[in-house]
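*Asks:* I am attaching a structure below and will ask some questions about it afterwards.
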Amino acid sequence: MTDYKTIAARLRLPEAMIIDGKSEVAQSGETFDTTDPATGETLAKLPAAGPKDVDLAVASARRSFEDGVWSGLHPSERKRVLQKLADLIDAETDMLAVMESMDAGKPINDCVSIDVPETANCIRWHAEAQDKLYDQIAPSAPDAVGLIVREPIGVVAAVLPWNFPLMMMAWKIGPALATGNSVVVKPAEQTSLTALRLAELALEAGVPPGVLNVVTGMGPDVGEPLGRHMDVDALTFTGSTEVGRYFLEYAAQSNMKEVCLEMGGKSAAVILEDAGNIDQIAEIQANAIFWNMGENCTANSRIIAHATVYDDLVAALAKQAATWVMGDPLDPATQNGPLVSAEHLEKVCGLVAIGKAQGARVVYGGDAGEGLMFQPTVFADVTPEMTIFREEIFGPVVAVTRAESDEEAVAMANATAYGLAATLYTRDITKAHRYARKLKAGTVGVNAYSEGEISTPFGGFKASGFGGRDNGVHAHEQYSELKTIWIDLNG
Ligand code: NAD
């Protein structure tokens, strides 16, 4: 069995930003600590960048874009380089997984089997897709040719969250680089290490200097200047709805850059009267909320169950929660490690306390564990007025609500400001189709909790999403401009 502790002890952690292909400290010389949430130890001191560093990174991205060193390549050449990057990621799976696990508190098994392979898969998928996409010719009179072409948008800024640091970076840079853009990435300040390593690997794979830059630091110091930058053409963001809103303001107040936002959620699983095997559903739904400590944007943090299956479902969920293994993230047996930070644990504890005070019934868990851990928690008898029905907790906490009919269950699922994902259980194919269409969410899983795959677009309705989609060839749209070229053949 792989000894992850030994890998951790020998790991070289990146300490510099990558700007214009070079390792850089912040212009101010300032640093901030990135810590291991499992131990509280400082892992590395990283550059605390500011607007001057952002200007340098954007200028290098602009230069490389206009030079055509990447944007001007034959698509198959970009494909070759990005395939090499995916191969380098695969070759470094264990090291990247340990770095991710230590920086974010994520269980090592998930990092090895999901985060790192999916990162490579995403980059490879977009690399392979983009030289097979054709542009269009418009219907026109015989004396004209109307070309409808897609061009790379230019300089893309990507502002990332801490819950899936590598994967979220791949979801942005995969399609952005494949379509020929130059990119400036701002990782979350809690989890910047693997972003820096990925940028080093990109250089090794042959991505030219300046095409992929990584600037580390705080949201207001790096994220805001990117959002307000006059020379950034598109900004793609994954994170909270609260911060997502700022990017619309930044764009409106600066150069009207394109903005694509993937934000929070309060996704529901709807269990209809004829849902089928309740034990099996409870097992799937335990995974849908407890996986990754519930720090997952599509986490099914609400379950709305028909009255006829409600009691059995609550009992089966509590049983599932009791089996969840909490512990050291570097132990392969661990299913849940610590939450990402003390501030985040405090937020989760606060919302759980409100749930208790408002009368929801704790069926399992309900308390913090050792260090920054929080127990898998099942609340029953939750009503739509309660705060834990409405607000994103982003922890391993599920709120179960009783519905008197299938119609009411679907209506309750939709009674939220968010619309990222939903799950629907029924054995009736007609109901499956009817209610899947009624659910107001970007992804609806039927009889399975699912985010789809790399081939399917991912994003949210309502306050969960804005301006485009990640994944699939649909993601390419946010990184390209549509142009009409009209050629008059009479001249
Ligand atoms: P966050 O919004 O706090 O931070 C995200 C990024 O924005 C970070 O890099 C942060 O430094 C930056 N930022 C913070 N304040 C800023 C400001 N004033 N101006 C510019 N940038 C700023 O989110 P988080 O806590 O890192 O992540 C958790 C959230 O992300 C949850 O709400 C979750 O649902 C969401 N999320 C959504 C998806 C999705 O695809 N829809 C995926 C993962 C996470």
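*Asks:* With the condition kept exactly as written, say whether any residue in the stretch 340-359 is of a type in the set (S, T, N, Q) and surrounded by 20 or more Cβ atoms within 10 Å (Cβ to Cβ).
*Replies:* Initial filter on the stretch 340-359 (of a type in the set (S, T, N, Q)): 341, 358.
Narrowing the set further to residues that are surrounded by 20 or more Cβ atoms within 10 Å (Cβ to Cβ) leaves none.
For the stretch 340-359, residues of a type in the set (S, T, N, Q) and surrounded by 20 or more Cβ atoms within 10 Å (Cβ to Cβ): absent.
*Asks:* A further question follows. Based on this model, can you work out whether residue 99 counts as over 20 Å from the mean Cα position of the chain (by Cα) and touching a residue at least 60 places away in the same chain (Cβ under 8 Å)?
*Replies:* no
*Asks:* Mind listing whichever residues of the stretch 169-227 are among the small types (Gly, Ala, Ser) and surrounded by fewer than 22 Cβ atoms within 10 Å (Cβ to Cβ)?
*Replies:* Answer for the stretch 169-227, where residues must be among the small types (Gly, Ala, Ser) and surrounded by fewer than 22 Cβ atoms within 10 Å (Cβ to Cβ): 205, 206, 219.
*Asks:* Looking only at the stretch 114-138, filter to residues that are without any contact (Cβ under 8 Å) to a residue 40 or more places away in the chain and loosely packed, with under 14 Cβ neighbours inside 10 Å; which one of those is nearest to residue 151 (Cα to Cα)?
*Replies:* 135
*Asks:* Now, a different point. Assigned to a loop (DSSP other than H, G, I, E, B) and within 13 Å of the ligand (Cβ to nearest atom): is that true of residue 255 in this structure?
*Replies:* Considered against the rule, which asks whether it is assigned to a loop (DSSP other than H, G, I, E, B) and within 13 Å of the ligand (Cβ to nearest atom), residue 255 comes out as no.
*Asks:* Can you tell me which residues in the stretch 27-48 are small (Gly, Ala, Ser) and within 12 Å of residue 16 (Cα to Cα)? Give the steps one after another, and end with the answer.
*Replies:* The first filter runs over the stretch 27-48 and keeps only residues small (Gly, Ala, Ser), leaving 28-29, 38, 40, 44, 48.
Hits for the stretch 27-48 are 29, 44, 48.
*Asks:* Moving to a separate point now. Are there any pairs, at least 6 apart or on different chains, whose C-beta atoms fall under 6 Å, with the first in the stretch 223-247 and more than 19 Å from residue 470 (Cα to Cα) and of a type outside the set (Gly, Ala, Ser) and the second in a loop (DSSP other than H, G, I, E, B) and within 10 Å of the ligand (Cβ to nearest atom), and if so, which?
*Replies:* none
*Asks:* A further question on this structure: How many residues does the stretch 444-491 contain that are more than 17 Å from residue 238 (Cα to Cα), of a type in the set (Gly, Ala, Ser) and free of Cβ contacts under 8 Å to residues at least 24 places away in the same chain? Steps first, answer last, please.
*Replies:* In the first step, residues of the stretch 444-491 are kept if they are more than 17 Å from residue 238 (Cα to Cα); the result is 444-450, 452-453, 455-456, 473, 480-491.
Of the ones still in play, those that are also of a type in the set (Gly, Ala, Ser) are 445, 448, 450, 452, 455, 480, 491.
Keeping just the survivors that are free of Cβ contacts under 8 Å to residues at least 24 places away in the same chain gives 452, 491.
Qualifying residue count for the region: 2.
*Asks:* Still on this structure, please answer the following. Test of understanding: among 334, 416, which residue is within 25 Å of the chain's Cα centre (by Cα), within 28 Å of residue 431 (Cα to Cα) and either modelled with pLDDT under 95 or in a loop (DSSP other than H, G, I, E, B) (or both)?
*Replies:* Of 334, 416, the one residue that is within 25 Å of the chain's Cα centre (by Cα), within 28 Å of residue 431 (Cα to Cα) and either modelled with pLDDT under 95 or in a loop (DSSP other than H, G, I, E, B) (or both) is 416.
*Asks:* On to the next question. Where residues in the stretch 425-448 are part of a strand (DSSP E or B) and under 22 Å from the mean Cα position of the chain (by Cα), which of them is nearest to residue 274 (Cα to Cα)? Working first, answer last.
*Replies:* First pass over the stretch 425-448, keeping only residues part of a strand (DSSP E or B): 425, 443-446.
With the extra rule that they be under 22 Å from the mean Cα position of the chain (by Cα), the set shrinks to 443-446.
Values: 443: 22, 444: 18, 445: 16, 446: 13 Å.
Taking the candidates together, the pick is 446.
*Asks:* What strands (runs of 3 or more DSSP E) completely inside the stretch 1-105 contain at least 2 residues that are among the aliphatic types (A, V, I, L, M) and within 22 Å of residue 210 (Cβ to Cβ)?
*Replies:* 17-19
*Asks:* Please verify whether the stretch 240-248 includes one or more residues that are surrounded by fewer than 23 Cβ atoms within 10 Å (Cβ to Cβ), within 6 Å of the ligand (Cβ to nearest atom) and not in a helix (DSSP H, G or I).
*Replies:* Yes: the stretch 240-248 contains one or more residues that are surrounded by fewer than 23 Cβ atoms within 10 Å (Cβ to Cβ), within 6 Å of the ligand (Cβ to nearest atom) and not in a helix (DSSP H, G or I).
*Asks:* Please find, within the stretch 370-387, the residue that is surrounded by the most Cβ atoms within 10 Å (Cβ to Cβ) out of those that are more than 17 Å from residue 286 (Cβ to Cβ) and either more than 25 Å from the chain's Cα centre (by Cα) or free of Cβ contacts under 8 Å to residues at least 40 places away in the same chain (or both).
*Replies:* The residue in question is 386.
*Asks:* Here is a further query. Just to be sure, is residue 69 β-branched (Val, Ile, Thr) and farther than 17 Å from residue 454 by Cα?
*Replies:* yes
*Asks:* Same structure again: Is it the case that some residue within the stretch 195-211 is near the ligand (Cβ under 8 Å from one of its atoms) and either within 27 Å of residue 104 (Cα to Cα) or touching a Ser or Thr at 6+ places or on another chain (Cβ under 6 Å) (or both)?
*Replies:* Among the residues of the stretch 195-211, not one is near the ligand (Cβ under 8 Å from one of its atoms) and either within 27 Å of residue 104 (Cα to Cα) or touching a Ser or Thr at 6+ places or on another chain (Cβ under 6 Å) (or both), which makes the answer no.
*Asks:* Under 6 Å between Cβ atoms, at least 6 apart or on separate chains: pull out the pairs that start in the stretch 287-299 with a residue that is within 18 Å of residue 464 (Cβ to Cβ) and end on any residue that is away from the ligand (no atom under 13 Å from the Cβ) and aromatic (Phe, Trp, Tyr).
*Replies:* 288/449
*Asks:* Would you confirm whether or not the stretch 127-143 contains a residue that is touching a Phe, Trp or Tyr at 6+ places or on another chain (Cβ under 8 Å), of a type in the set (A, V, I, L, M, F, W, C) and not in a loop (DSSP other than H, G, I, E, B)?
*Replies:* Checked the stretch 127-143: no residue is touching a Phe, Trp or Tyr at 6+ places or on another chain (Cβ under 8 Å), of a type in the set (A, V, I, L, M, F, W, C) and not in a loop (DSSP other than H, G, I, E, B).
*Asks:* Of the residues 305, 288, 269, 234, which single one is crowded, with 24+ Cβ neighbours inside 10 Å, away from the ligand (no atom under 12 Å from the Cβ) and more than 30 Å from residue 347 (Cα to Cα)?
*Replies:* Result of the check over 305, 288, 269, 234: 234.
The values are calculated or read from the model by the stated rules, or taken from the named source; none is laboratory data. Bear in mind the structure is a predicted one, so any value in this text is a computation, not a measurement. Cβ: placed from backbone, ideal geometry, glycine included. Neighbour counts: every protein chain shown.
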